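The values are calculated or read from the model by the stated rules, or taken from the named source; none is laboratory data. Nothing here was measured: the structure is a model prediction, and the numbers come from that model. FYI the Cβ positions are ideal-geometry reconstructions off the backbone, even for glycines, and counts take in every protein chain you see. Surface areas here come from the heavy atoms of the whole protein model, side chains and all, with no ligands, DNA or RNA. Shrake-Rupley method; radii C 1.70, N 1.55, O 1.52, S 1.80 Å.
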Amino acid sequence: MPVGLRINDAHEQLIFAGGYDHNFVVDGNNGELKLAARLYDPASGRVLTVATTEPGIQFYSGNFLDGTYTGRHGSGYTRHKGLCLETQHFPDSPNHRDFRPHR
């Protein structure tokens, strides 16, 4: 499914964040290297594969890019023109005993 297919849906969390800024659970055992994400660009054929030992991956869709930063050919990075995948523990996990242990 294309990354931005539902980015403008009238879902409360998408509206609040201005796009995706969500943490997803990565299947597998904590501390074990596992596949967290795989992105494919059909236009260029490029593939990005992310593996991690962390229990979660945060997906952020460039919700606050405003054109201030420019790319290689001088075009500005505007809203939703980039993304970030951050492997990590779950947000707010230090405050929740029932979240997966850190290690």
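Quick notes on this one:
- Being at pLDDT below 95, of a type in the set (Phe, Trp, Tyr) and open to solvent by less than 60 Å² (accessible area, probe 1.4 Å) is true of PHE90.
- Residue check for ILE57: of a type outside the set (S, T, N, Q) and open to solvent by 100 Å² or more (accessible area, probe 1.4 Å): no
- Residue that is most open to solvent (accessible area, probe 1.4 Å) [pool: residues in region 12-29 that are more than 10 Å from GLY62 (Cα to Cα) and either in a loop (DSSP other than H, G, I, E, B) or acidic (Asp, Glu) (or both)]: GLU12
- Close pairs from region 25-48: first under 25 Å from HIS89 (Cα atoms), partner open to solvent by 80 Å² or more (accessible area, probe 1.4 Å) and among the charged types (D, E, K, R), Cβ under 7 Å, at least 6 apart: ASN30/ARG100; ASN30/ARG103; GLY31/ARG103; LYS34/ASP27; VAL47/ARG38
- Tally, over region 5-24, of residues that are under 22 Å from HIS89 (Cβ atoms) and of a type in the set (S, T, N, Q): 2
- Those residues of region 33-50 which are open to solvent by 60 Å² or more (accessible area, probe 1.4 Å) and either part of a strand (DSSP E or B) or not aliphatic (A, V, I, L, M) (or both), in sequence order: LEU35, ARG38, TYR40, PRO42, SER44, ARG46, VAL47, LEU48, THR49
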